[in-house]
Structure formats: C-alpha cells, structure tokens
Amino acid sequence: MSTFSKAYIPYGGYYSTPFCRWQGTMQNENSIELGARTARRWLLESKKIDPAIFDYLFFGISITQHHLFYSHNWAAGMLTDNQSNLPGLMISQACTTSATGINLAAVAVESGNLTTPFVLMTDRTSNGAHTVWANPNGPGGEVISENWVMDNFNSDPNVVPPLKMVQTAENVAKEAGITREECDAVALRRFEQYQDALKDDRAFQKRYMFPAEVRLSRKKTILVEEDEGVTPTTAEGLAQLRTNEPGGVHTPGSQTHPADGNCGFIVTTQEKAKELSADKNIEIKIVSFGFSRVNPGFMAAAPVPAAQMALENAGLKITDMKTIKSHNPFATNDVNFAKKMGNDVMKMNNYGSSMIYGHPQAPTGGRIIAEMLEETVMLGGGYCLWTGCAAGDTGASLIFKVG
C-alpha cells in the first residue's frame, strides 16, 4: 500500500529534539532510554496527551545500544510508564527509518488494524558500539570485529570493492556532471536557510522542537534546547577546504556530520487527528509513499526514483508541491535531484537540512518532515514532498497534504 485516504497526523503531533554533535552532550545517553523519556515528557508536558491512547509503537533505531534486543518493547514500557500493554516493532533502515516508520503506521491505520500508533525514532552515533563476532575457524580463532559507526560509514559490503558513503556521492556527481562549485553554492545556501530558522529567538524551530533532558551524572541533568555542532559557513571558507576524495567535488563543508537525537510522530484517523490537533483548522493528511534502490555505489541518486514513485502514486507532479525537503548527506543529493526533477535547488530545504545540523540516522528524516509540515502551514497549506537516501543505495519519499 503506497497511497492513503484515511491516515492523518494531528497538527503539532510531532516533535524533534535538537541534534547534538558527535561526542557532544548526548554522547553517554542510551538512545533507547533518551528517546522514550523525551517522547513521554513531550506528550505529558507539551501536548497534555496520555501515552495510553496509543495502540502500537513503531520504534526506529539503526545504531545498536545496550538492550537493543528488547528496544521496541522496552521503549514502549518507558513511554507509557508501564501503564498499558503497548506492543512495539523495531525498524532499522538507516537514514530512511523515519519515513518508513510513518509509512508503516499509515498502512496500519488505513487498513483499520490500528487507530493511533506512535512512531518514535532515536539514534546515537556517538560512542558507537564495537561488536565482536565469534570466528572459530579463523587463524587461531581470531575474532571478527565491527565498529558499528565508522566501519559502516566507510564500507558497503554490497559494493565491490566496498566504498565509503562519500565515494557513492562522488559516483553520482561524476555521472551527472556535478561540479565542486555547484556543491559549494548549495552548501552555502543551506547554511543561509538554517539561519532563517534561528531568527526571532529561534521562532521557527520552536514550532516543532522539544528539548531533551540529558543526565550528566546521578544528580545533575541539563536541558538541550539548541543544536550542537553547526559550523559557520562562508563562500570564502568553503573555497579553502580540501576535497574529501582526490579529484572529488565534496569537502567537509558540503556534507553532513554524525549526530545524536530523537523525534516522534502521532499517526491516526482523521477524526482522532482533529481531536488531538493543536489547531483544529489545520489538517495534515498522509498522501503517498515511494521507495527505491539504485545501482550499487550510487546512493545519492536514490531520492529521485523514490520521489517519482510517491508522485506517481499520488497522481501529482513536482510542480504541485508547495514545499520540498530532502535528507542531503551530500550536496550532490540536492543538485542531482533538482537536475533530474526540474525544481530549483536553491528553493528547497528552507529553514534547515541534515547537511547543516547533522545526521543521527533514524530520526534525521523525521525532523526534516516536521520542518516541512511547519513551513507548509506557514505558506497556507498545500502538498509537500520529503525524499532521502539511505545506506545500501536505497531511498524513500513521502507526500503530505496540509489543509
């Protein structure tokens, strides 16, 4: 099922924490606990919603944490304070986890199997787990080890020879004829767009952002209210950076950085969405979903066919979209998308994008979607499209209608 007529999101029925830089303030928190605790605080303190209304939890995570085996049901217990027997499902699809989680919740509502599922996405790339695998047939029984973050950022086993993620973006840039100058220009524009979200004491971000309460010690906690790790960007500064790969087009200034954070969405029926909405005159309908997988080693190209599927499923065109947002780990993602889809690369991703504020994996897309919904509300409603790539050359896309 890729089109919907019965699945809605209450206006304001979503949040994202700020994103913290790699090895920053959230580095020692178990992301399962932090995500569940934050979502519960958001529901009770900000929305005055009893978590017991939920009939299912779709729980997204991609970087393993202690007790991952129980993560979905453990998170459900923390979310509801064990006051209801809320079951859960763990979803792991790297950068498109948020979109797929919202899609699965929408499918369940559309079919009538669920009424009000909650979608919670959380990740911590900081202090990534290091796994040791038994290898009794190896020389001397030497174990196989895996660094969950760096090994997987730098080596896709499906590609021969294995490539770093940035190398897959370079492949797309070369194929599409994308230049260093285009990437730098987009990076500068994305930084400028992020500055718009900080105006008037962060008025735009405060429309959807909820602070995370982080434990520094047994007796001390702090509220993380703003993003950590955003790098000031200028045209001159970008021009001075060396490319990541010899002969490549991307520098540290035109790509994202690892981060930590979480986000959540309520998905429900039209009637329940109106009841829970922060403004009953605003309606958010989930319209369609698209997905893709492109040739191995071309991850940055995946958002295009995913978006094309979502548009085709909805019977819409790219020109019907009031707002467009993307997960853009590399500038090439956006340049390639705009060239193939015929939209203006400088007018998408207003108010922020993962290239600037970082990428905690599972919650990344959710934060971007929350921003997109708020921008569309500010513009008076209409259709909006989110699209993004994910590890393994996959992509996903969602279209919403804000009425």
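The values are calculated or read from the model by the stated rules, or taken from the named source; none is laboratory data. Everything numeric in this text was worked out from a predicted model, so none of it was measured. Positions of Cβ are backbone-derived with ideal geometry, glycine not excepted, and every protein chain shown enters the neighbour counts.
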Being part of a loop (DSSP other than H, G, I, E, B) and touching a strand residue (DSSP E or B) at 6+ places or on another chain (Cβ under 8 Å) is the filter here; which residues of the stretch 329-346 pass it? PRO329, ASN343
Filter result for the condition that a residue is under 19 Å from the mean Cα position of the chain (by Cα), within 22 Å of VAL267 (Cα to Cα) and not in a loop (DSSP other than H, G, I, E, B), over ILE369, ILE356: ILE369
Tell me, please, whether a residue that is part of a loop (DSSP other than H, G, I, E, B), farther than 23 Å from PRO51 by Cα, in contact with a Gly (Cβ under 9 Å, 6 or more places away or on another chain) and not basic (Lys, Arg) can be found in the stretch 258-280. no
Return the only residue of MET90, MET78, MET26 being touching a residue at least 12 places away in the same chain (Cβ under 8 Å), under 25 Å from GLY229 (Cβ atoms) and touching a helix residue (DSSP H, G or I) at 6+ places or on another chain (Cβ under 8 Å). MET26
Can you name every residue in the stretch 309-363 that is free of Cβ contacts under 8 Å to residues at least 24 places away in the same chain and either closer than 19 Å to PHE298 by Cβ or buried (at least 24 other Cβ atoms within 10 Å of the Cβ) (or both)? ALA338
Could you list, ordered by first residue, the pairs with Cβ atoms under 6 Å in which the first is in the stretch 209-221 and modelled with pLDDT under 95 and surrounded by 11 or more Cβ atoms within 10 Å (Cβ to Cβ) and the second is in a strand (DSSP E or B) and among the hydroxyl-bearing types (Ser, Thr, Tyr), at least 6 apart or interchain? ARG215/THR221
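Only residues that are hydrophobic (A, V, I, L, M, F, W, C), within 15 Å of ASP320 (Cβ to Cβ) and crowded, with 20+ Cβ neighbours inside 10 Å: list them for the stretch 369-403, please. Walk me through how you get there before you give the answer.
We begin by selecting, within the stretch 369-403, every residue hydrophobic (A, V, I, L, M, F, W, C); these are 369-370, 372-373, 377-379, 384-386, 389-391, 396, 398-400, 402.
From what is left, the residues that are within 15 Å of ASP320 (Cβ to Cβ) are 372, 379, 384-386, 398-400, 402.
The answer is MET372, CYS384, LEU385, TRP386, LEU398, ILE399, PHE400, VAL402.
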